[in-house]
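*Asks:* Structure provided below as C-alpha coordinates; questions to follow.
The values are calculated or read from the model by the stated rules, or taken from the named source; none is laboratory data. Every value quoted in this text rests on a predicted model; they were computed, and no experiment measured them. All Cβ positions, glycine included, derive from the backbone under ideal geometry; neighbour counts span all protein chains shown. Please note that ligands, DNA and RNA were not included when accessible areas were found on the heavy atoms of the full protein model with its side chains. Shrake-Rupley method; radii C 1.70, N 1.55, O 1.52, S 1.80 Å.
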Amino acid sequence: MEHPSYYSILTANVRYDPRLKNHADCKVLYSEITALSNKYGYCHATNKYFAKLYDRPVPTISKWINLLKDCGYLKVVMIKDGKQIKERRIYPVSTPINVDVNTYLGKREEGINGNVKSPINVDVKENITSINNTSKNNMLNDARHTFRDVHNLWESNWGFPNGIAEQDLTEWTKKYGADLVMHVITYALRRNINSKGADRYLARTFEQYDKQSIKTVEQAERSEKQHEQQMSREYQSMGGRRRPVHVDPVKKDYTPPKGFDR
(Lines give C-alpha, C1' and ligand atoms only; values in the text may rest on other atoms or scores of the structure.)
Protein backbone atom coordinates (compact mmCIF):
# COMPACT_ATOMS: atom_id res chain seq x y z
CA MET A 1 0.00 0.00 0.00
CA GLU A 2 1.27 3.46 -0.90
CA HIS A 3 2.00 5.69 2.08
CA PRO A 4 2.06 9.51 1.89
CA SER A 5 5.49 11.11 2.18
CA TYR A 6 4.09 14.28 3.79
CA TYR A 7 4.41 14.82 7.52
CA SER A 8 1.29 14.66 9.66
CA ILE A 9 -0.07 17.07 12.27
CA LEU A 10 -1.68 16.26 15.60
CA THR A 11 -2.83 19.50 17.18
CA ALA A 12 -3.03 20.16 20.92
CA ASN A 13 -6.82 20.46 20.68
CA VAL A 14 -7.08 16.89 19.44
CA ARG A 15 -4.39 15.53 21.78
CA TYR A 16 -5.96 16.90 24.96
CA ASP A 17 -9.68 16.76 24.14
CA PRO A 18 -11.25 14.84 27.07
CA ARG A 19 -13.83 13.35 24.70
CA LEU A 20 -11.00 11.51 22.94
CA LYS A 21 -9.22 10.43 26.13
CA ASN A 22 -10.06 6.78 25.52
CA HIS A 23 -9.84 6.97 21.73
CA ALA A 24 -6.15 7.07 20.85
CA ASP A 25 -6.90 5.39 17.52
CA CYS A 26 -9.05 8.36 16.52
CA LYS A 27 -6.12 10.69 17.16
CA VAL A 28 -3.88 8.57 14.94
CA LEU A 29 -6.55 8.60 12.24
CA TYR A 30 -6.84 12.39 12.46
CA SER A 31 -3.07 12.67 12.09
CA GLU A 32 -3.17 10.39 9.02
CA ILE A 33 -5.91 12.53 7.47
CA THR A 34 -3.80 15.69 7.87
CA ALA A 35 -0.95 13.95 6.05
CA LEU A 36 -3.24 12.97 3.19
CA SER A 37 -4.64 16.52 3.09
CA ASN A 38 -1.32 18.30 2.62
CA LYS A 39 -1.54 18.34 -1.17
CA TYR A 40 -5.12 19.52 -1.77
CA GLY A 41 -6.29 20.64 1.66
CA TYR A 42 -8.58 17.64 1.99
CA CYS A 43 -8.39 13.84 2.10
CA HIS A 44 -10.42 11.66 -0.29
CA ALA A 45 -9.39 8.26 1.08
CA THR A 46 -12.20 5.77 1.65
CA ASN A 47 -13.08 3.90 4.82
CA LYS A 48 -11.88 0.75 3.06
CA TYR A 49 -8.45 2.36 2.57
CA PHE A 50 -8.16 3.20 6.29
CA ALA A 51 -9.47 -0.23 7.27
CA LYS A 52 -6.71 -1.90 5.26
CA LEU A 53 -4.11 0.58 6.54
CA TYR A 54 -4.89 0.00 10.22
CA ASP A 55 -6.19 -3.57 9.95
CA ARG A 56 -9.58 -2.66 11.37
CA PRO A 57 -13.14 -3.38 10.17
CA VAL A 58 -14.74 -0.74 7.94
CA PRO A 59 -17.55 -0.05 10.49
CA THR A 60 -14.89 0.74 13.10
CA ILE A 61 -13.27 3.30 10.80
CA SER A 62 -16.70 4.81 10.17
CA LYS A 63 -17.23 5.17 13.93
CA TRP A 64 -13.84 6.91 14.34
CA ILE A 65 -14.57 9.38 11.56
CA ASN A 66 -18.04 10.12 12.94
CA LEU A 67 -16.60 10.72 16.40
CA LEU A 68 -13.99 13.15 15.06
CA LYS A 69 -16.70 14.85 13.01
CA ASP A 70 -19.01 15.14 16.03
CA CYS A 71 -16.15 16.66 18.02
CA GLY A 72 -15.69 19.26 15.27
CA TYR A 73 -12.28 18.10 14.04
CA LEU A 74 -13.40 16.87 10.63
CA LYS A 75 -15.58 18.43 7.97
CA VAL A 76 -16.98 15.88 5.54
CA VAL A 77 -18.25 16.98 2.11
CA MET A 78 -19.88 14.65 -0.40
CA ILE A 79 -19.21 15.50 -4.06
CA LYS A 80 -22.19 14.30 -6.11
CA ASP A 81 -22.83 13.73 -9.79
CA GLY A 82 -26.58 14.01 -9.85
CA LYS A 83 -27.81 11.71 -7.11
CA GLN A 84 -24.70 9.53 -7.17
CA ILE A 85 -21.87 10.23 -4.72
CA LYS A 86 -18.72 10.76 -6.77
CA GLU A 87 -16.22 11.48 -4.01
CA ARG A 88 -15.98 12.08 -0.27
CA ARG A 89 -13.72 14.88 0.89
CA ILE A 90 -12.55 14.98 4.48
CA TYR A 91 -11.19 18.33 5.69
CA PRO A 92 -9.17 18.31 8.94
CA VAL A 93 -10.03 21.17 11.30
CA SER A 94 -7.39 22.21 13.84
CA THR A 95 -9.73 24.32 16.00
CA PRO A 96 -12.87 22.50 17.19
CA ILE A 97 -16.02 23.97 15.65
CA ASN A 98 -18.63 23.03 18.25
CA VAL A 99 -16.75 23.02 21.54
CA ASP A 100 -17.37 25.31 24.51
CA VAL A 101 -13.87 26.75 24.91
CA ASN A 102 -14.19 27.40 28.63
CA THR A 103 -15.48 23.89 29.32
CA TYR A 104 -12.84 22.42 27.04
CA LEU A 105 -9.95 24.17 28.77
CA GLY A 106 -11.36 23.41 32.19
CA LYS A 107 -11.45 19.68 31.45
CA ARG A 108 -8.19 19.54 29.53
CA GLU A 109 -6.24 17.99 32.39
CA GLU A 110 -8.64 15.06 32.71
CA GLY A 111 -6.84 13.26 29.89
CA ILE A 112 -3.34 13.98 31.20
CA ASN A 113 -1.33 11.96 33.67
CA GLY A 114 -1.37 13.48 37.15
CA ASN A 115 2.42 13.41 37.34
CA VAL A 116 2.70 16.13 34.72
CA LYS A 117 -0.02 18.47 35.94
CA SER A 118 2.35 20.93 37.55
CA PRO A 119 4.62 21.60 34.56
CA ILE A 120 1.58 21.88 32.29
CA ASN A 121 -0.01 24.44 34.58
CA VAL A 122 3.24 26.43 34.61
CA ASP A 123 3.39 26.38 30.82
CA VAL A 124 -0.19 27.52 30.56
CA LYS A 125 0.45 30.50 32.82
CA GLU A 126 3.56 31.45 30.88
CA ASN A 127 1.68 31.16 27.58
CA ILE A 128 -1.18 33.31 28.84
CA THR A 129 1.27 35.98 30.00
CA SER A 130 3.06 35.88 26.66
CA ILE A 131 -0.20 36.16 24.74
CA ASN A 132 -1.41 39.04 26.91
CA ASN A 133 1.86 40.94 26.39
CA THR A 134 1.69 40.39 22.67
CA SER A 135 -1.89 41.55 22.64
CA LYS A 136 -0.94 44.82 24.34
CA ASN A 137 2.02 45.39 22.06
CA ASN A 138 -0.05 44.77 18.95
CA MET A 139 -3.08 46.68 20.21
CA LEU A 140 -5.25 43.58 20.03
CA ASN A 141 -7.45 44.39 22.99
CA ASP A 142 -9.97 45.95 20.59
CA ALA A 143 -9.55 43.28 17.91
CA ARG A 144 -12.55 42.96 15.62
CA HIS A 145 -11.73 39.52 14.20
CA THR A 146 -10.92 36.03 15.43
CA PHE A 147 -8.97 33.08 14.08
CA ARG A 148 -12.25 31.65 12.77
CA ASP A 149 -12.70 34.80 10.65
CA VAL A 150 -9.17 34.36 9.28
CA HIS A 151 -9.81 30.71 8.48
CA ASN A 152 -13.16 31.45 6.80
CA LEU A 153 -11.72 34.27 4.67
CA TRP A 154 -8.93 31.98 3.43
CA GLU A 155 -11.31 29.07 2.79
CA SER A 156 -13.92 31.15 0.93
CA ASN A 157 -11.31 32.51 -1.49
CA TRP A 158 -8.51 29.93 -1.73
CA GLY A 159 -10.17 26.74 -0.57
CA PHE A 160 -9.61 24.81 2.64
CA PRO A 161 -6.02 25.46 3.85
CA ASN A 162 -3.69 22.46 3.84
CA GLY A 163 -1.78 21.39 6.92
CA ILE A 164 1.13 23.77 6.37
CA ALA A 165 -1.08 26.79 5.68
CA GLU A 166 -3.28 25.93 8.67
CA GLN A 167 -0.24 25.87 10.95
CA ASP A 168 1.09 29.13 9.50
CA LEU A 169 -2.26 30.86 9.93
CA THR A 170 -2.39 29.74 13.55
CA GLU A 171 1.12 31.02 14.28
CA TRP A 172 0.60 34.32 12.43
CA THR A 173 -2.68 34.95 14.25
CA LYS A 174 -1.03 34.35 17.61
CA LYS A 175 1.92 36.60 16.76
CA TYR A 176 0.30 39.43 14.79
CA GLY A 177 -3.37 39.18 15.71
CA ALA A 178 -6.37 38.22 13.60
CA ASP A 179 -7.01 41.79 12.41
CA LEU A 180 -3.58 42.13 10.81
CA VAL A 181 -3.73 38.66 9.24
CA MET A 182 -7.16 39.49 7.82
CA HIS A 183 -5.71 42.71 6.37
CA VAL A 184 -2.83 40.89 4.67
CA ILE A 185 -5.16 38.26 3.17
CA THR A 186 -7.48 41.00 1.90
CA TYR A 187 -4.56 42.90 0.40
CA ALA A 188 -3.30 39.71 -1.27
CA LEU A 189 -6.74 39.12 -2.79
CA ARG A 190 -6.76 42.65 -4.21
CA ARG A 191 -3.44 41.82 -5.87
CA ASN A 192 -4.95 38.65 -7.36
CA ILE A 193 -2.66 36.27 -5.49
CA ASN A 194 -3.81 32.73 -6.26
CA SER A 195 -4.19 29.83 -3.85
CA LYS A 196 -0.84 28.25 -4.77
CA GLY A 197 1.11 31.40 -3.92
CA ALA A 198 -0.99 32.56 -0.97
CA ASP A 199 0.98 31.01 1.89
CA ARG A 200 4.31 32.12 0.39
CA TYR A 201 3.02 35.66 -0.21
CA LEU A 202 1.81 36.01 3.38
CA ALA A 203 5.11 34.65 4.71
CA ARG A 204 7.11 37.25 2.73
CA THR A 205 4.74 40.02 3.83
CA PHE A 206 5.14 39.19 7.50
CA GLU A 207 8.92 39.01 7.07
CA GLN A 208 8.78 42.58 5.75
CA TYR A 209 6.55 43.57 8.67
CA ASP A 210 9.16 42.28 11.09
CA LYS A 211 11.88 44.30 9.34
CA GLN A 212 9.75 47.45 9.42
CA SER A 213 8.43 46.78 12.96
CA ILE A 214 4.84 46.80 11.66
CA LYS A 215 2.46 45.45 14.28
CA THR A 216 -0.92 47.04 13.50
CA VAL A 217 -3.28 47.41 10.56
CA GLU A 218 -2.79 51.17 10.63
CA GLN A 219 0.97 50.82 10.29
CA ALA A 220 0.52 48.33 7.45
CA GLU A 221 -1.85 50.68 5.60
CA ARG A 222 0.60 53.58 5.92
CA SER A 223 3.42 51.43 4.56
CA GLU A 224 1.28 50.29 1.63
CA LYS A 225 0.21 53.85 0.86
CA GLN A 226 3.81 55.05 0.86
CA HIS A 227 4.79 52.19 -1.45
CA GLU A 228 1.95 52.95 -3.86
CA GLN A 229 2.83 56.66 -3.88
CA GLN A 230 6.46 55.80 -4.62
CA MET A 231 5.43 53.54 -7.49
CA SER A 232 3.12 56.26 -8.83
CA ARG A 233 5.91 58.86 -8.76
CA GLU A 234 8.25 56.51 -10.63
CA TYR A 235 5.54 55.79 -13.19
CA GLN A 236 4.89 59.50 -13.76
CA SER A 237 8.59 60.27 -14.02
CA MET A 238 8.72 57.83 -16.92
CA GLY A 239 5.98 59.76 -18.69
CA GLY A 240 3.43 57.06 -18.07
CA ARG A 241 5.61 54.46 -19.75
CA ARG A 242 7.02 51.32 -18.29
CA ARG A 243 10.69 51.38 -17.51
CA PRO A 244 12.53 50.06 -20.60
CA VAL A 245 14.74 47.04 -20.33
CA HIS A 246 18.33 48.05 -21.06
CA VAL A 247 19.97 45.99 -23.80
CA ASP A 248 23.45 46.66 -25.07
CA PRO A 249 23.48 47.02 -28.87
CA VAL A 250 25.51 44.49 -30.80
CA LYS A 251 28.51 46.11 -32.48
CA LYS A 252 29.10 45.51 -36.17
CA ASP A 253 32.60 44.16 -35.58
CA TYR A 254 31.46 41.94 -32.70
CA THR A 255 32.98 38.46 -32.72
CA PRO A 256 31.38 35.81 -30.52
CA PRO A 257 33.61 33.88 -28.11
CA LYS A 258 35.15 30.68 -29.33
CA GLY A 259 32.68 27.85 -29.14
CA PHE A 260 29.59 30.12 -29.56
CA ASP A 261 29.93 30.67 -33.31
CA ARG A 262 28.05 27.53 -34.28
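*Asks:* What does the extension gain come out to for residue 46 and residue 208, with contour length at 0.36 nm per residue minus their alpha carbon separation?
*Replies:* Extra length from residue 46 to residue 208 when fully extended: 54.1 nm.
*Asks:* Which one, 45, 84, 68, is farthest towards the positive end of the dipole of the range 31-100 when Lys and Arg carry +1 and Asp and Glu -1 on their Cβ?
*Replies:* So the residue furthest toward the plus end is 84.
*Asks:* Please report, as a whole percent, how much of the solvent-accessible surface of the range 1-80 comes from carbon and sulfur atoms (probe radius 1.4 Å).
*Replies:* Ligands and nucleic acids excluded, carbon and sulfur give 52 percent.
*Asks:* Right, here's the next one. Calculate the FRET efficiency for residue 236 and residue 39 from the Cβ-Cβ distance with a Förster distance of 41 Å, rounded to the nearest 0.05.
*Replies:* The calculated FRET efficiency here is 0.35.
*Asks:* Now, a different point. On the protein heavy atoms, probe 1.4 angstrom, tell me the percent of accessible surface of the range 176-239 carried by carbon and sulfur.
*Replies:* C and S fraction of accessible area: 45 percent.
*Asks:* On to the next question. Using the beta-carbon distance between residue 224 and residue 164 and R0 = 45 Å, what value does 1/(1 + (r/R0)^6) give for FRET efficiency, to the nearest 0.05?
*Replies:* Once the sixth-power term is evaluated, E becomes 0.95.
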